1. Leu55 - would you say it is buried (at least 16 other Cβ atoms within 10 Å of the Cβ), farther than 30 Å from Ala114 by Cβ and among the hydrophobic types (A, V, I, L, M, F, W, C)?
2. Of the residues Ser30, Ser45, Ser95, which single one is within 30 Å of Asp192 (Cα to Cα) and out of contact with any strand residue (DSSP E or B) (no Cβ under 7 Å at 6 or more places or on another chain)?
3. Tell me whether region 208-227 contains one or more residues that are at pLDDT below 95, over 14 Å from Leu34 (Cα atoms) and surrounded by fewer than 19 Cβ atoms within 10 Å (Cβ to Cβ).
4. So, in region 216-230, exactly how many residues are in contact with a Lys or Arg (Cβ under 9 Å, 6 or more places away or on another chain) and either within 19 Å of Arg133 (Cβ to Cβ) or part of a helix (DSSP H, G or I) (or both)?
5. For a quick check of your reading: which helices (runs of 4 or more DSSP H) sit entirely within region 88-169 and have at least 1 residues that are buried (at least 22 other Cβ atoms within 10 Å of the Cβ) and not β-branched (Val, Ile, Thr)?
6. Tell me yes or no: at least one residue of region 193-208 is outside any helix (DSSP H, G or I), more than 30 Å from Ile82 (Cα to Cα) and touching a helix residue (DSSP H, G or I) at 6+ places or on another chain (Cβ under 6 Å).
7. In the list Ile238, Ile167, Ile159, which residue meets the criterion of being out of contact with any Ser or Thr (no Cβ under 9 Å at 6 or more places or on another chain) and at pLDDT below 95?
8. I need a count of the residues in region 126-161 that are in contact (Cβ under 8 Å) with a residue 60 or more places away in the chain and within 30 Å of Lys56 (Cβ to Cβ).
Amino acid sequence: MAQSEAKKEKLSVGEMFKVFLDNPPLLILSFGDLLRYTAYFLISSTAAYYFAAVLKDSGAMSVYLTAQTCMGVLAALAVNFIIKAIGKKATYVLSCLMYGGTAVLMFFLGGEGATMIFIVVMSIGSFFNNCIRATVTAMTADTVMYSMWKSGINARGFIMSMTNIPIKFGSMIKSVILPVGLGLIGYQAGVDATPEVAQGIAVIMCLIAGGSVVISGLINLLFYRLTDKRVEEMTAEINARM
């Protein structure tokens, strides 16, 4: 067992694939976070179009961005208390449902003159998105313990680096969805948006992106089995082996 523990920084490519594929909690978490990051990048990249075409208030974009930043700071202060109160999985699922739900809600509430409603609702969503970021790191650390318990190999460095994969692929997927989506709805730069184009932008930002985050939460709710109690039990078993 000690020899396996020593392999933590010397995994071959084959071992990396084995560690990843033999770790269902990591697979589920990574897929869910891929959906969430794709949605996050889609919302961030579509916001300017939404302000111009749907809200018709591009000047308020700076207020929106400032509010998003403030919510990030607030979430950083609050997330550990939330995790302690309800657990990591519950925090992740609740935050996904709230973040995705606020985006979906704005499909029905958005429109010209709804700038303040949009900023308030999406700032609430931003708070929960930032809670997800911190929670994912803690949940990924739990999958390290799962891997050690199952295989005896400490792949902490490799597994923790997997948190970057959803970010990179989410950005790539957004880079495909956004231009294709804008093309399909007939968006043209420099041309006033028609009601149909405005609705299309709302669909991309609110329904597609928001729905993806909700799906991420539901996937983890139904299939992520690694509870905080189970992690404690596995940690005790690992310590007993050493």
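The values are calculated or read from the model by the stated rules, or taken from the named source; none is laboratory data. Every value quoted in this text rests on a predicted model; they were computed, and no experiment measured them. Cβ sites come from the backbone with ideal geometry, for glycine too, and all protein chains shown count toward neighbours.
1. Working: buried (at least 16 other Cβ atoms within 10 Å of the Cβ): yes; farther than 30 Å from Ala114 by Cβ: no; among the hydrophobic types (A, V, I, L, M, F, W, C): yes.
Against the criterion (buried (at least 16 other Cβ atoms within 10 Å of the Cβ), farther than 30 Å from Ala114 by Cβ and among the hydrophobic types (A, V, I, L, M, F, W, C)), Leu55 does not qualify.
2. On the way: Ser30 fails: within 30 Å of Asp192 (Cα to Cα); Ser95 fails: within 30 Å of Asp192 (Cα to Cα).
Testing whether each residue is within 30 Å of Asp192 (Cα to Cα) and out of contact with any strand residue (DSSP E or B) (no Cβ under 7 Å at 6 or more places or on another chain) leaves just Ser45.
3. Yes, region 208-227 contains at least one residue that is at pLDDT below 95, over 14 Å from Leu34 (Cα atoms) and surrounded by fewer than 19 Cβ atoms within 10 Å (Cβ to Cβ).
4. So the count comes out to 7.
5. Once the helices (runs of 4 or more DSSP H) in region 88-169 are filtered for at least 1 residues that are buried (at least 22 other Cβ atoms within 10 Å of the Cβ) and not β-branched (Val, Ile, Thr), what remains is 88-109, 115-151.
6. So the first thing to find is which residues in region 193-208 are outside any helix (DSSP H, G or I), and the list is 193-194.
With more than 30 Å from Ile82 (Cα to Cα) added as a condition, the list becomes 193-194.
Okay, now just the ones that are also touching a helix residue (DSSP H, G or I) at 6+ places or on another chain (Cβ under 6 Å), so 193.
Yes, because at least one residue in region 193-208 is outside any helix (DSSP H, G or I), more than 30 Å from Ile82 (Cα to Cα) and touching a helix residue (DSSP H, G or I) at 6+ places or on another chain (Cβ under 6 Å).
7. Ile238
8. Within region 126-161, the subset in contact (Cβ under 8 Å) with a residue 60 or more places away in the chain is 129, 132, 136, 139-140, 142-143, 145-159.
Subset that is within 30 Å of Lys56 (Cβ to Cβ): 129.
Matching residues across region 126-161 total 1.
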